[in-house]
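Everything below concerns the one structure shown next.
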Amino acid sequence: MHRRNFMKTASFLGGLSAAGGASLLTIAKVQAKDKAAREKLWFDRSMRWAQLAFVENDPGRYDPDFWLGYFKRIHADGALLSAGGVVAFYPTQIPLHHRSPWLGNSDPLGYLVEGCRKMNMSVILRTDPHATRQDMYEAHPDYIHVTADGKKRRHWANPELWVTCALGPYNFDFMTRVNQEIMERYQPDAIFSNRWSGHGLCYCEHCKQNFKSFSGFELPATTSSGLSTAMASGDKSDPAYRKYTEWRTERLKELWFLWDKEIRKQKPSARYIPNGFPDKLLTGKHSDFFFADQQARSGVIPPWSNGKHAKELRATMGMKPQVGIFSVGIEEQYRWKDSVQSNAEIKIWVAEGTANGLLPCFVKFGGFMYDKRWMDTIADIYQLHYKHEKYLRNTDSLARVGMVYSEQTSRNYGGKSWQQKSEDHALGMYHALIEARIPFEMVHDQLLDAQSIKPYKLLILPNIAALSDAQCSQLRAFVENGGSIVATFETSLYNEEGKQRTDFGLKDLFGVSYDQQVEGPMRNSYLRLKSEAGSAKFHPVLTELEDAYRIINTIHQVQVKPLADFPSPVTLIPTYPDLPMEDVYLREPESTTRELYLREIGKGRTAYIPGDMERSFWQLMSADHGKLLANTIRWALQEAPVVEVKGSGIVDVTVWQQKQSMTVHLVNLTNPMMMKGPFRELIPIDKQQVSIQLPKGVQVKAVQLLVSGQKPAFKINEGKLTVIVPRIEDLEIVALDIA
């Protein structure tokens, strides 16, 4: 719509010029209005981004025309370029703003900016304020980060540098002037700051005084690594620590808003974009555009974590643009910044981002090229993205399942032995949903109002332990209005501050009461799987588990007392000796203790699992746990899924709506290196049957497979479209053109 308006304006200008019937003032006003409209839209215009993170000796060594040519080749329409902070890559006039000595009298940054603008690219300039030089240290020692023992902090990677205090005048005063100069010289669409939020607690005079004024407390103690002792011990109840996290968030918010305000003074459509913020709710509320900087995986991070990060941000940002920065290099702890990943690993990471709504942005460290093996791969990805851009301009997710995540629980819950590794609850549930091929979104626990959760039939609460009374009321209303809930372990047993209740805040939904104990670790304990009493019929939660008399139990479980009648498909087999081998036999083969509480409440359903099943699934990867979780989710959903995908392999499934189309993304995660990268190669999977529940009134004009370029046959029966995808290497996108 906006682009059509631009065309009308251009035609109008042409008509005025030809007729000679308008004053220059009138034409200038129209041109100014058109320019303002274009500037307002830069957030939504650019779809494919390129980042060059320069190093100090790049000026004069790298060829800017090489990069401009590459940007054109791959149809990049947004550029993120290093400008200032620890090094100025332009002829700065600000005293103590360290200018690269390789610059000479040149301005390669200005040359790149001009070249990008000629190709109608959006331009964002990057700063890095986390370190500074000796001359700054001598002129402004109060700008420097101070450790708990009162020493100024040298940079951990480059001892010639000093670490700056993120919450003091270095950022608030000096970097504000740097931002102003960059805006005046280059008028970028935004300024993006890397490492802007600090590195551990700072004990400088400004932090001490400001925190004391805010809270009345002294700064909390830290370990030798700079981590707060409360965080290191897992005891998050320390009042000074809690006040510090609150103060740090407020101080960073103040800094974000200051920089944003000053940038908008120079250019109203421009923005300040922080690289990460400690509160995703505030991020979503105040961001028009955001970079999700999760560049690659390391260790045992699975590829789907790129999608998880995107979903968490989208839970608070809605459909505002998110750009996923990914590195062409290896991102392990030893930081080989001039390295190159395998092309298979790059492809699967970007496929996960694209499938989950991220716009791609490659980052290359250093403008000088040592290894070009990644360049054709990125070109292939971007060219496909460009070719099918209209199918990637998502307007909404069509998922009907929402998995709740809680920054509140992360901040305030923990300390007891069974609460360690609490992040594994979310990881296990996420992985279970991936294996079950269930499309889902993430839901922020501060956005449980009726409007925010209206798209969902089912909410999943993987040990969302800390919930306020108001949040419990919102969940209660969701179920009363026909929604369903699956919850686990200590969900709602604590209030929003992490203080334990005498009973679950949601006990009326669960139908159980807390029995004042958490048991575990439970060695050699099992779950008994049973058919319905007096029948050979099994409850739907036991689908494909009918021949399993028993499966392993969870590692921990909350003891509860039932307050209502329940079916008993899953009951407890208590712990019995596992040594000596001669003593490994059941003492109590049956019990009446249920391990899964299933209820029908009006048009909704609730399922409460007292064990830490999703955390146990993540830690043990027992297929039985994954199957039981998936079956329970399907039972609680109580409706046909929006998309069903049948076939072999592990596939991440997402479903989107665009202006005149629907798309189903299928990411093939089937690989021996899925849980420990990098991928060596992509291992294709064959024949996947995709069934899509069409929204009422939707007419399908055509079906395409965007990656393979095929136009497959399809069938529509009773509002469900079925199509066969013959092969998936890394990604396939089923696109439905709709009327």
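Quick notes on this structure:
- Residue in the stretch 678-697 that is crowded, with 22+ Cβ neighbours inside 10 Å, β-branched (Val, Ile, Thr) and in contact (Cβ under 8 Å) with a residue 24 or more places away in the chain present: yes
Table: residues versus (1) without any contact (Cβ under 8 Å) to a residue 24 or more places away in the chain; (2) touching a Phe, Trp or Tyr at 6+ places or on another chain (Cβ under 8 Å); (3) among the small types (Gly, Ala, Ser).
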position: LEU467; (1), (2), (3): no, yes, no
position: PHE489; (1), (2), (3): no, no, no
position: LEU493; (1), (2), (3): no, yes, no
position: THR502; (1), (2), (3): yes, yes, no
position: TYR526; (1), (2), (3): no, no, no
position: ALA533; (1), (2), (3): no, no, yes
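- Some residue of the stretch 567-587 being touching an Asp or Glu at 6+ places or on another chain (Cβ under 8 Å), assigned by TED's automatic domain parsing to the domain that holds LYS416, touching a residue at least 60 places away in the same chain (Cβ under 8 Å) and of a type outside the set (S, T, N, Q): yes
- Just one of (1) free of Cβ contacts under 8 Å to residues at least 40 places away in the same chain; (2) part of a helix (DSSP H, G or I); (3) of a type in the set (A, V, I, L, M, F, W, C) fails for VAL163. It is (2).
- Checked against the criterion of being surrounded by 12 or more Cβ atoms within 10 Å (Cβ to Cβ) and outside the structural domain of VAL512 (by TED's automatic domain parsing), the candidates VAL651, VAL541, VAL558 yield just one match: VAL651.
- Considering residues of the stretch 452-477 that are of a type in the set (S, T, N, Q) and more than 22 Å from the chain's Cα centre (by Cα) only, the residue surrounded by the fewest Cβ atoms within 10 Å (Cβ to Cβ): SER473
- Number of the exception - LYS308 against (1) crowded, with 18+ Cβ neighbours inside 10 Å; (2) among the charged types (D, E, K, R); (3) in a loop (DSSP other than H, G, I, E, B): (3)
- Scope the stretch 403-427; condition in a helix (DSSP H, G or I), crowded, with 23+ Cβ neighbours inside 10 Å and within 16 Å of the chain's Cα centre (by Cα); matching residues: ALA426
- Residues within the stretch 267-285 that are surrounded by fewer than 16 Cβ atoms within 10 Å (Cβ to Cβ) and assigned to a helix (DSSP H, G or I), tallied: 1
- Exclusive hit being polar (S, T, N, Q) and within 28 Å of the chain's Cα centre (by Cα), set GLN693, GLN704: GLN693
- Which numbered condition GLY85 fails, given (1) at pLDDT 95 or above; (2) surrounded by fewer than 22 Cβ atoms within 10 Å (Cβ to Cβ): (2)
Results for (1) in contact with a Leu (Cβ under 8 Å, 6 or more places away or on another chain); (2) farther than 30 Å from GLN693 by Cβ; (3) charged (D, E, K, R), shown as yes or no for each residue.
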{"residue": "CYS361", "(1), (2), (3)": "yes, yes, no"}
{"residue": "HIS388", "(1), (2), (3)": "yes, no, no"}
{"residue": "ARG393", "(1), (2), (3)": "no, no, yes"}
{"residue": "VAL404", "(1), (2), (3)": "yes, no, no"}
{"residue": "ASP424", "(1), (2), (3)": "no, yes, yes"}
{"residue": "ALA432", "(1), (2), (3)": "yes, no, no"}
{"residue": "PRO439", "(1), (2), (3)": "yes, no, no"}
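- Residue satisfying condition, being assigned to a loop (DSSP other than H, G, I, E, B) and under 19 Å from TYR90 (Cβ atoms), within set GLY104, GLY110, GLY150, GLY115: GLY104
- Of the strands (runs of 3 or more DSSP E) entirely within the stretch 636-683, those holding at least 3 residues that are over 21 Å from the mean Cα position of the chain (by Cα) occupy 643-646.
- All positions within the stretch 494-534 that are over 30 Å from LYS627 (Cβ atoms) and in a loop (DSSP other than H, G, I, E, B): ASN495, GLU496, GLU497, GLY498, LYS499, ARG501, THR502, ASP503
- When the residues of the stretch 602-619 are filtered to those that are of a type outside the set (Lys, Arg) and part of a strand (DSSP E or B), the one that is surrounded by the most Cβ atoms within 10 Å (Cβ to Cβ) is TYR608.
- Pairs meeting the criteria (first residue in the stretch 416-442 and among the hydroxyl-bearing types (Ser, Thr, Tyr) and at pLDDT 95 or above, second residue assigned to a helix (DSSP H, G or I) and surrounded by fewer than 18 Cβ atoms within 10 Å (Cβ to Cβ), beta carbons under 8 Å, at least 6 apart or on different chains) are SER422/SER410.
- Checking the stretch 620-628 against the condition returns no match, with no residue being surrounded by 16 or more Cβ atoms within 10 Å (Cβ to Cβ) and assigned to a strand (DSSP E or B).
- Pick from the stretch 128-147, criterion assigned to a helix (DSSP H, G or I) and more than 13 Å from HIS97 (Cα to Cα), ranking: nearest to the chain's Cα centre (by Cα): TYR143
- Residue in the stretch 465-486 that is farther than 27 Å from LEU282 by Cβ, polar (S, T, N, Q) and assigned by TED's automatic domain parsing to the domain that holds ASP515 present: yes
- Among residues of the stretch 561-573, those that are part of a loop (DSSP other than H, G, I, E, B) and surrounded by fewer than 22 Cβ atoms within 10 Å (Cβ to Cβ), counted: 6
The values are calculated or read from the model by the stated rules, or taken from the named source; none is laboratory data. Given the structure is predicted, the values throughout are model-derived calculations rather than measurements. Heads up, the Cβs are rebuilt from the backbone with ideal geometry, glycines too, and the neighbour counts pull from every protein chain shown.
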